[in-house]
Amino acid sequence: MDAAAHVLVFPWPLQGHINCMLHLAAALLDAGLHVTFLHTDHNLRRLASQPASSSPRLRLLSIPDGLPDDHPRSVAHLNDLMDSMRATGSAAYRALVLASSSNRAAYDDHPPVTCVIADGVMAFAIDVAEEIGVPAIAFRTASACSFLAYLSMRRLVELGEAPFPSDQPVSGVPGMEGFLRRRDLPRAPSRPSTSTAADDSGVVDPMLLNMGDCSAHSGKARALILNTSASMEAAALAHIAPHMSDVFAVGPLHAAAGTTRTASLWREDDGCIAWLDGHEDRSVVYVSLGSLTVISEEQLAEFLSGLAATGYAFIWVLRPDMVAGGTAVKMKILGLGGDKYSRVVEWAPQRDILRHRAVGCFLTHAGWNSTLEAAYEGVPMVCWTFFGDQLVNSRFVDTVWKTGVDIKDVCDRAFAVERAVRQAMESAEIRAAAQDMARQLRLDVAQGGSSSSQIKRLVAFIGELYVRDCHHTTTPADSS
Ligand code: UDP
């Protein structure tokens with residue numbers, strides 16, 4: 001491997017995407033490559049309190065996302081972010097790729113960028129790099145099963161199987177004919193799985209079609225990287241492969257990278273682990289709905305009454321922007337049973353919590369990072385999903401992997417939460433399946449395992465792109 005290969009890693013600027021691509025960056029650094037990690041100015045400012053990068057081969061840069069600083073950048077405004085990234089963000093990105101990939105001048109004392117790994121959600125980032133002559137690889141932070149569902153979106157619409165909360169089986173996603181229902185397909189944030197106001201007009205949210213097209217666009221990149229492992233998602237990977245130039249299944253990346261780096265956009269509570277130390281083995285429910293989910297006070301009340309009925313202690317991640325009336329709501333939760341019974345934090349050290357012996361199950365929105373983090377620690381899940389890939393992931397958790405319980409679209413939710421939490425905390429079958437999966441994932445990321453071998457192959461692939469690129473761009477004057 002040539003040490004001068006230099007990868008520009010460009011995540012979609014949201015927490016779940018940043019975390020996962022940072023783990024990829026760590027794996028590339030561990031393999032000896034140079035990495036530039038590209039944030040938005042807004043996020044880099046929020047991360048300013050984090051420790052500086054620990055490798056001299058890692059550089060953090062940023063570009064504007066084009067939104068005013070006080071813009072909420074929340075799930076309700078994802079279209080604004082997408083539009084401004086496509087306009088302002090892409091112009092700044094083009095200028096940066098041009099300057100940093102120049103073969104004649106090293107940029108900032110780092111060798112020239114030889115390859116881009118861009119979040120596949122930003123199709124423009126693939127095209128811009130290739131136009132400039134820098135080979136681009138797409139990275140998707142979602143599961144292979146949900147990627148395949150997005151890839152099949154136009155076909156699903158043709159078949160009259162658009163996302164909708166019904167039990168009608170779906171035949172339009174290859175390999176999932178036996179168990180996928182319309183209610184398990186990705187839904188747009190504007191029509192979350194908690195919405196009761198859906199109608200079956202067949203009209204599909206343009207955001208879903210756009211995600212489908214973005215997924216297909218990854219076929220134009222030199223390869224697709226997915227944060228999953230062959231042992232979890234062999235069938236979906238096999239169905240994706242014919243649509244892509246190459247596919248690398250390298251996950252779970254948080255476990256594959258030798259060095260743990262985090263980039264939390266919120267300050268992590270540092271008392272959770274000591275609090276858990278004071279509890280019995282597998283006696284605590286960890287509740288987190290990720291970095292984007294917003295819920296109403298009514299939904300919170302449903303969750304709470306279900307959880308309270310189980311009698312289990314819990315840690316609850318309540319981001320400041322997650323529920324209207326934040327402080328009053330927090331007091332309401334805290335009032336449930338005192339400090340020993342409940343702990344409410346704005347942001348938690350999630351992976352440390354999941355690996356703590358006191359945690360018995362994870363009540364989650366089934367975002368892919370959270371799903372992988374729970375899977376790696378062998379923690380049973382209860383999935384209350386909201387939008388996007390979460391709906392597909394939760395079906396796999398419940399029906400394919402059998403490592404948890406899916407309660408999407410359930411009407412009597414308080415009761416459903418109580419029943420599902422008890423099941424996840426107490427079922428020997430679910431726990432055994434979760435632990436089997438964790439054991440297998442440990443083998444996958446260990447030396448010689450499938451994901452670790454795929455990372456090696458990826459590093460060699462990036463090296464080959466670089467060598468090929470040198471041959472293309474070396475002029476007689478350069479070589480003299
Ligand atoms: N996370 C965390 N602390 C929290 C809640 C979440 O560190 O209190 C991390 C979690 O470990 C995961 C990411 O935030 O890596 C959330 O990503 P995911 O794909 O699960 O959901 P999203 O936020 O994208 O909906």
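The values are calculated or read from the model by the stated rules, or taken from the named source; none is laboratory data. All figures in this text were calculated on a predicted structure; none of them were measured in a lab. Cβ: placed from backbone, ideal geometry, glycine included. Neighbour counts: every protein chain shown.
Brief remarks follow.
- Total residues in the range 261-299, condition within 15 Å of the ligand (Cβ to nearest atom), part of a loop (DSSP other than H, G, I, E, B) and among the small types (Gly, Ala, Ser): 5
- Among the residues of the range 349-368, those identified as away from the ligand (no atom under 11 Å from the Cβ) and in contact (Cβ under 8 Å) with a residue 40 or more places away in the chain are His356, Arg357, Ala358, Val359, Gly360, Cys361, Leu363.
- Subset of the range 400-432 (residues that are assigned to a helix (DSSP H, G or I) and either touching an Asp or Glu at 6+ places or on another chain (Cβ under 6 Å) or within 19 Å of Asn369 (Cα to Cα) (or both)): Val400, Arg413, Ala414
- Within the range 336-350, the residues that satisfy the criterion of being of a type outside the set (Val, Ile, Thr) and either at pLDDT below 65 or closer than 17 Å to Ile273 by Cα (or both) are Leu336, Gly337, Asp339, Lys340, Tyr341, Ser342, Arg343, Glu346, Trp347, Ala348, Pro349, Gln350.
- On inspection, Phe415 passes the criterion of being surrounded by fewer than 20 Cβ atoms within 10 Å (Cβ to Cβ), among the aromatic types (Phe, Trp, Tyr) and more than 12 Å from the ligand (Cβ to nearest atom).
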